[in-house]
Amino acid sequence: MFEPRDLTLALEDLETVPRGLDLVIALHGFVDAGAAAEAAAAAVLDTLPHRPVVEFDTDILIDHRSRRPRMLFNEDHIEEYLPHTLTLLQVEDDAGAPFLLLTGPEPDWLWERFTDALLELHDELEVASTTIITSIGMPVPHTRPLVSTVSGNRAELIEQYSAWRPVSTAPASVIHRIEHRLHPRAPVATFTVLVPHYVGESGSAGPALAALEGVTSATSLAFRTEELRQADREFQQLVSQQMETNEDLQRVVRTLEARYDAFMAQSSVKSPLTDEDGSLPSADEIADELERYLRERRRPGSDPIG
């Protein structure tokens with residue numbers, strides 16, 4: 001039987017890691033609409049100094065048949081094999097403040113032991129607070145600011161930033177288990193960005209930006225987001241160009257905008273995600289034209305979005 005520490009390999013002497021840092025968790029897998037967590041973590045690691053501290057054993061935690069590692073085949077040989085990595089890193093933000101970042105694929109196996117191992121590290125490193133970022137697809141318009149559902153035990157963040165507070169039963173992920181375990185023992189907040197469900201993997205950087213803004217709200221950490229902002233501007237411009245000549249798409253987006261605005265103004269409409277009768281518009285009804293456009297943009301030989 002695996003003990004929690006059997007799942008980790010210390011890459012650095014943990015005594016060299018400062019105590020009392022904030023922890024940011026950005027896992028990708030089951031729930032990561034618009035690649036919000038994955039792109040946010042990539043932006044952090046591409047622009048800020050960092051060093052790996054602990055690596056989790058993905059050979060035990062990841063189902064490689066369902067999420068296969070990548071390899072590079074070069075004419076007649078395998079030149080590179082790229083295994084999954086699930087790593088805890090020490091990072092310096094744009095102002096030089098250190099923090100911890102856990103990023104990589106969500107484990108498929110041994111959720112409880114993985115959570116136990118993470119909480120042991122949490123206690124050993126005397127983590128000050130934990131902020132988790134994730135995202136889900138929702139029928140909201142791309143023309144409005146992305147909002148989040150905030151959960152956890154930090155009431156001030158929930159009160160200020162949680163735009164949608166549903167009561168629902170849904171499939172869980174490891175991050176939900178981590179939040180649930182941390183809730184009675186340490187500060188924790190999860191920012192779930194509500195991403196237009198027709199965006200998909202289209203190249204919009206907005207979800208990653210919103211996720212990092214949530215982290216800044218919770219921790220005051222500063223990030224370099226210039227490239228993400230430029231990518232998001234380019235995406236918005238491309239979509240706006242398509243909308244100029246597509247009346248059906250304009251009508252659909254106006255409907256979403258009206259529903260969103262009514263909800264944000266606390267009108268009698270219970271949610272920006274449903275019709276007045278409570279029904280959820282289908283993806284085809286909301287985004288057929290935009291999905292087709294984005295799909296064409298992604299075809300070989302077309303210009304990439306973002």
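The values are calculated or read from the model by the stated rules, or taken from the named source; none is laboratory data. All of these numbers come straight from a predicted model, not from anything done at the bench. All Cβ positions, even for glycine, are placed from backbone atoms using ideal geometry, and neighbour counts span all protein chains on display. The area values use the complete protein model at the heavy-atom level, side chains included, leaving out ligands, DNA and RNA. Shrake-Rupley method; radii C 1.70, N 1.55, O 1.52, S 1.80 Å.
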Tally time: how many residues in segment 128-143 are open to solvent by 20 Å² or more (accessible area, probe 1.4 Å) and part of a strand (DSSP E or B)? 3
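Might you let me know whether segment 78-91 holds any residue that is of a type in the set (F, W, Y) and surrounded by 16 or more Cβ atoms within 10 Å (Cβ to Cβ)?
Step one: of segment 78-91, the residues of a type in the set (F, W, Y) are 81.
Remaining after also requiring surrounded by 16 or more Cβ atoms within 10 Å (Cβ to Cβ): none.
The answer is no, given that none of the residues of segment 78-91 is of a type in the set (F, W, Y) and surrounded by 16 or more Cβ atoms within 10 Å (Cβ to Cβ).
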Can we say D116 is assigned to a loop (DSSP other than H, G, I, E, B) and touching a residue at least 24 places away in the same chain (Cβ under 8 Å)? no
So which of L125, L146 ends up being open to solvent by less than 30 Å² (accessible area, probe 1.4 Å) and either over 14 Å from V215 (Cα atoms) or modelled with pLDDT of 95 or more (or both)? L125
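Identify, please: which residue in segment 175-209 is outside any loop (DSSP other than H, G, I, E, B) and polar (S, T, N, Q) and is, among those, modelled with the lowest pLDDT?
So the first thing to find is which residues in segment 175-209 are outside any loop (DSSP other than H, G, I, E, B), and the list is 175-182, 188-196, 206-209.
Okay, now just the ones that are also polar (S, T, N, Q), so 190, 192.
Details: T190: 98, T192: 95.
The extreme case among them is T192.
Consider segment 226-257. How many of its residues are open to solvent by less than 60 Å² (accessible area, probe 1.4 Å) and either at pLDDT 95 or above or part of a helix (DSSP H, G or I) (or both)? Show your work before the answer.
Applying the first criterion (open to solvent by less than 60 Å² (accessible area, probe 1.4 Å)) to segment 226-257 yields 228, 231-232, 235-236, 238-240, 242-243, 246, 249-250, 252-253, 256-257.
Add one more test, that the residue is either at pLDDT 95 or above or part of a helix (DSSP H, G or I) (or both), and what stays is 228, 231-232, 235-236, 238-240, 242-243, 249-250, 252-253, 256-257.
The number of residues fulfilling the criteria is 16.
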Restricting the search to segment 1-25, which residues are open to solvent by less than 50 Å² (accessible area, probe 1.4 Å) and either touching a Leu at 6+ places or on another chain (Cβ under 6 Å) or of a type in the set (V, I, T) (or both)? T8, V17, L21, L23, V24, I25
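Out of all the residues in segment 154-174, is one or more assigned to a loop (DSSP other than H, G, I, E, B), at pLDDT 90 or above, open to solvent by 30 Å² or more (accessible area, probe 1.4 Å) and closer than 27 Å to L119 by Cα?
Filtering segment 154-174 for residues assigned to a loop (DSSP other than H, G, I, E, B) gives 154, 163-173.
Restricting the remaining residues to those that are at pLDDT 90 or above gives 154, 172-173.
Imposing the further condition that a residue be open to solvent by 30 Å² or more (accessible area, probe 1.4 Å) reduces the set to 154, 172.
Right, trim to closer than 27 Å to L119 by Cα and you get 154, 172.
Yes: one or more hits.
Residue-wise test of (1) modelled with pLDDT of 95 or more; (2) crowded, with 21+ Cβ neighbours inside 10 Å; (3) out of contact with any strand residue (DSSP E or B) (no Cβ under 6 Å at 6 or more places or on another chain); (4) not in a loop (DSSP other than H, G, I, E, B).
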| position | (1), (2), (3), (4) |
| --- | --- |
| L27 | yes, yes, yes, yes |
| D46 | yes, no, yes, yes |
| P52 | yes, no, no, yes |
| E55 | yes, no, no, yes |
Limited to segment 94-109, what total is found for residues that are open to solvent by 10 Å² or more (accessible area, probe 1.4 Å) and either touching a helix residue (DSSP H, G or I) at 6+ places or on another chain (Cβ under 6 Å) or in a loop (DSSP other than H, G, I, E, B) (or both)? 8
A218 versus (1) at pLDDT 95 or above; (2) closer than 25 Å to P49 by Cα; (3) under 14 Å from the mean Cα position of the chain (by Cα); (4) of a type outside the set (S, T, N, Q): which is the lone unmet condition? (3)
By residue number, the members of segment 165-190 that are under 20 Å from A211 (Cβ atoms) and β-branched (V, I, T) are V174, I175, I178, V188, T190
